[in-house]
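Single-structure report; data block below.
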Amino acid sequence: MAIHSKFVVHWTGNDFHKRNTAVTTCIREQYVERLRDDCVNGLFMKPGQETIHGSNGTPLTAGISRVCFTEVRLSQAEDHARLYGMLGIGFHRDFVLSREGNPVLYVQNGDKGVLIENLVKVREFLEAEDPAMLANLEAVLGYLKNMSHQNVSDLEFYEEMEWRIVHLDRLMDEYIKAEDASQNIYRLLVKPDDIKIIVFADHETKQMAVADSDVRDFFNQGFPMMTTVKDCNNF
């Protein structure tokens, strides 16, 4: 039996809906607005913000813009959704592969992070000797993911089976458009038939989305499969 799913889900909404807080009418409206925006304008790509640490606390950040997906089973989705947002937009993994996306490389985050320690040295060398190559290294670093918080033994993030698409100039126009290039903000373009499933915060949010004229216009040939975070427990 395959251990990997053929589908990946982009979760969103944690910027306005904090973990373990109620889903109010206002929150539902924001989820519908987020779905409308992601469908019409594309998935939001922004610079990475996490810092991963190597031996002796050496820090490494990768600022390249990216959009993230998880391969976690829908039956395991509730905790993940509460961390990253309770709107899930699902795609076949071929959608990611065709846009040169990849699974992330999970690395240790802390004093045993030998990979990070050495990548910091590579970056320092390129900064001094060959700055033109830094963009190539940045594309690689964009696929690094910490397995845990710094020096924490519980591998909290390792089970997410995360995939990413990072910003590459050769993907522009066909797959990516600039929203604010000066701030490295981009959009990953999607078409209605790219979206295979939508997971909503609850049934009321799903009903609001189906009634939204812009969402209906986007899916004018028919909606994809739709469910809720709670109902995912039955998958």
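Throughout, read-outs are computed from the coordinates displayed, never taken from laboratory work. Keep in mind the model is a prediction, meaning the values are calculated, not measured. Methodologically, a virtual Cβ is constructed for each residue, glycine included, from the backbone with ideal geometry; neighbour enumeration extends over all protein chains shown.
Things worth noting here:
- Alpha carbon convex hull of region 104-219, volume per residue in cubic angstrom: 163 Å³
- Given charges at beta-carbon only (K, R positive; D, E negative), |dipole| of region 1-148 in Debye: 540 debye
- Antiparallel content of DSSP bridges confined to the chain, in %, to 5: 80 percent
- Going from the residue with the fewest nearby Cβ atoms within 10 Å to the one with the most, 165, 195 rank 195, 165.
- By the count of neighbouring beta-carbon atoms within 10 Å, fewest first, 25, 51, 228, 58 end up ordered 25, 51, 58, 228.
- Per-selection metrics, region 165-217 (Cα): Rg and Dmax in Å: 14.9, 40
- Greater than 27 Å apart at Cα, pairs in 6/145; 18/230; 177/230: 177/230
- Here is the P(r) of the chain: all C-alpha pair distances, binned every 5 Å from 0, give 1, 6, 13, 17, 18, 17, 13, 8, 4, 2, 1, 0 in whole percents.
- DSSP-assigned coil residues among trypsin sites (Lys or Arg not before Pro) in region 80-160, each with at most 14 further Cβ atoms within 10 Å: 112
- Which of 24, 227 has the fewest Cβ neighbours within 10 Å, and the rest in rising order: 24, 227
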